[in-house]
């Protein structure tokens, strides 16, 4: 009968204690300001009973790493009856600060179920120092405490990671280039936009003929707990295609949470969150 199932499961787990081998894979496990890491998790049951559904969290040094805003600190897992990747969630991390010399730290996974707590292997992650000649955003010299956003940024659109190199002139106009995702690796695309006192607004052109683009908007901020980082967060990216029939902008206030939006000459096809982070000059 159905109400006997929980008792049956408890009995089976008492006879065959739950065991699971959890492994982490972060590729080369090397990160820098322009190269975050993604954590893949694989689990293999090592008992006659499946591993009960549970909650998985990442254990890492918060003084060394910053978790991507768009990835949680943990997630629920379904039953693990056979060896598989845990695709219920993912982790993307950035360096909280860039060391003067190469530095290493460890991270691991803890999976907690009804029948026990399971820990993964520890992986060693190497954080590379700042490259010579590296350009970073900085407070301008006019005394008005406005950031010049010129520099190299890590960006994330719809879960895809990439890089953006931009330059800001005296009129706050921004130009540069970006690449996004493995399919665009080595392909540089144009950034064209501006920033005001609080917000970054730009077109990230996805095609050479400028008929496809991401329109991105969001506030740039620094936080007391990470004063050496500047972030563009609570931001949106609208996938748009050129369309002359669009003669009015869609007004949205506030920008975030993201919602469908057209722009003059551009039709929105989809939208997602946008996040960017760069190290600031001291």
With a Förster distance of 22 angstrom and the Cβ-Cβ distance between residue 175 and residue 146, calculated FRET efficiency to the nearest 0.05 equals 0.75
The value for segment 22-120 (convex hull of the alpha-carbon atoms, volume per residue, Å³) is 97 Å³
Ordering 214-224, 228-238, 244-254, 115-125 by per-residue average of other C-beta atoms within 10 angstrom, highest first, gives 228-238, 214-224, 115-125, 244-254
Taking the alpha-carbon centre of each part, the distance from segment 31-70 to segment 203-281 in Å is 29 Å
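Contour minus end-to-end for residue 249 and residue 221, with contour as 0.36 nm per residue of separation and end-to-end as the Cα-Cα distance? Mind dumping the intermediate values first?
Numbers: separation 28, 0.36 × 28 = 10.08 nm, distance 2.59 nm.
Going from the current span to full extension adds 7.5 nm.
Laboratory data are not the source of any read-out in this text; all were calculated from the coordinates shown. What you see is a predicted model, and the numbers here were worked out from it, not measured in a lab. So basically every Cβ, Gly included, is an ideal-geometry build from the backbone, and we count neighbours across all protein chains shown.
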